[in-house]
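In what follows, a single structure is set out as structure tokens and then discussed.
The values are calculated or read from the model by the stated rules, or taken from the named source; none is laboratory data. All values reported here derive from a predicted model rather than from experimental measurement. So basically every Cβ, Gly included, is an ideal-geometry build from the backbone, and we count neighbours across all protein chains shown. Protein only, heavy atoms only, side chains kept; ligands, DNA and RNA dropped before computing areas. Shrake-Rupley method; radii C 1.70, N 1.55, O 1.52, S 1.80 Å.
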Amino acid sequence: MKVIPVLDIKNGLVGLAKTGLRDAYKPVKSWLCPFSSPVAMVEVLKSLGFKEVYVADLDAITYGTPDLALYRGLASRIRVMVDPGLRSLEDASRILEVGVHKLILATETLSCLTLAEKVLETFGPGRVILSLDLRNRKVLSKMAELRDLDPLTCLRKMVKLGFKEVIAIDLARVGSFAGPDLELVKILKKVPVKLITGGGVRSLKDLKLLEREGVEAVLVASALHRSTLSVDELSRMGFL
């Protein structure tokens, strides 16, 4: 299992996320890096031994314009997975062409299942990840055909489309230090898919519990910035 640092980017800066209330996100203040620049943060994370980052481009999610120059700059330094609030097959192509390792399609912003099918067909499931976005275990989606489903049924439906890797994030837990939802993880592990989780991680103990449940990777931000997780212990446990 690996720990993947999160970069929530708002107004071009890395923000500190809490419970998914994006209007309240402020530039991060972290012992890791004195700057909120995404490139500066990635340089530090790479120097510490991290090999991949998760990027939520909140500006693109809100306004619809992927920051290709930023993605190119980050991808030239470290492996990057990006959630740009994808709106078209053309945007998917342009994003992957600048070096992004994997493209994230999120239930919260996905406009139709046809777009997901086209992206999977064009680029293959090895380059595309589903983000199963939840709030208090309720699926977040613009589509009634998804938001009325429970998380397990939604995941099964999306896996049938061709997804082989999924990020499960409960926004109510992000930045909350409430701990991961282990019961939800157990439910989702009924589906044969590579599972990445995010939200609520506080300590090494939480990571060990998630590893025991068969989670492939864990997204972490607040616990790193507030040093409740140390890079030394992550390295010692093989989580980098």
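Against the conditions (1) of a type in the set (D, E, K, R); (2) in contact with a strand residue (DSSP E or B) (Cβ under 7 Å, 6 or more places away or on another chain); (3) more than 20 Å from Ala75 (Cβ to Cβ), Arg127 satisfies every one except (3). The single condition from (1) over 15 Å from the mean Cα position of the chain (by Cα); (2) buried (at least 18 other Cβ atoms within 10 Å of the Cβ); (3) among the hydroxyl-bearing types (Ser, Thr, Tyr) that Thr62 fails is (2).
None of Thr122, Thr153 is in contact with a helix residue (DSSP H, G or I) (Cβ under 7 Å, 6 or more places away or on another chain), in a helix (DSSP H, G or I), over 21 Å from Asp8 (Cβ atoms) and among the β-branched types (Val, Ile, Thr) except Thr122. Given the criteria outside any strand (DSSP E or B), crowded, with 21+ Cβ neighbours inside 10 Å and either modelled with pLDDT under 95 or not hydroxyl-bearing (Ser, Thr, Tyr) (or both), does Pro34 qualify? When the stated conditions are applied, Pro34 does not pass them. Picking from Thr107, Thr62, which residue would you name as being modelled with pLDDT under 95 and within 27 Å of Lys157 (Cα to Cα)? Every option except Thr62 fails the conditions.
Here is a yes/no grid of residues against (1) modelled with pLDDT under 95; (2) out of contact with any strand residue (DSSP E or B) (no Cβ under 7 Å at 6 or more places or on another chain); (3) in a loop (DSSP other than H, G, I, E, B); (4) surrounded by 15 or more Cβ atoms within 10 Å (Cβ to Cβ):
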residue: Glu145; (1), (2), (3), (4): yes, yes, no, no
residue: Leu149; (1), (2), (3), (4): no, no, yes, yes
residue: Lys157; (1), (2), (3), (4): no, yes, no, no
residue: Lys160; (1), (2), (3), (4): no, yes, no, no
residue: Ile167; (1), (2), (3), (4): no, no, no, yes
residue: Phe177; (1), (2), (3), (4): yes, yes, yes, yes
residue: Pro180; (1), (2), (3), (4): no, no, yes, yes
residue: Glu183; (1), (2), (3), (4): no, yes, no, no
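In region 186-215, the qualifying residues are those that are in a helix (DSSP H, G or I) and open to solvent by 10 Å² or more (accessible area, probe 1.4 Å), and the one that is nearest to Arg156 (Cα to Cα) is Ile187. Contact map, region 220-232: first residue over 13 Å from Lys29 (Cβ atoms) and modelled with pLDDT of 90 or more, second residue assigned to a helix (DSSP H, G or I) and open to solvent by 20 Å² or more (accessible area, probe 1.4 Å), Cβ cut-off under 8 Å, separation 6 or more or different chains; pairs are Leu229/Leu204; Val231/Leu48. Restricting region 65-81 to residues that are of a type in the set (A, V, I, L, M, F, W, C) and touching a Pro at 6+ places or on another chain (Cβ under 8 Å) leaves a set whose member that is surrounded by the most Cβ atoms within 10 Å (Cβ to Cβ) is Leu74. Residues in region 65-111 that are of a type in the set (S, T, N, Q), in contact with a Ser or Thr (Cβ under 9 Å, 6 or more places away or on another chain) and more than 25 Å from Arg147 (Cβ to Cβ): Ser93 alone.
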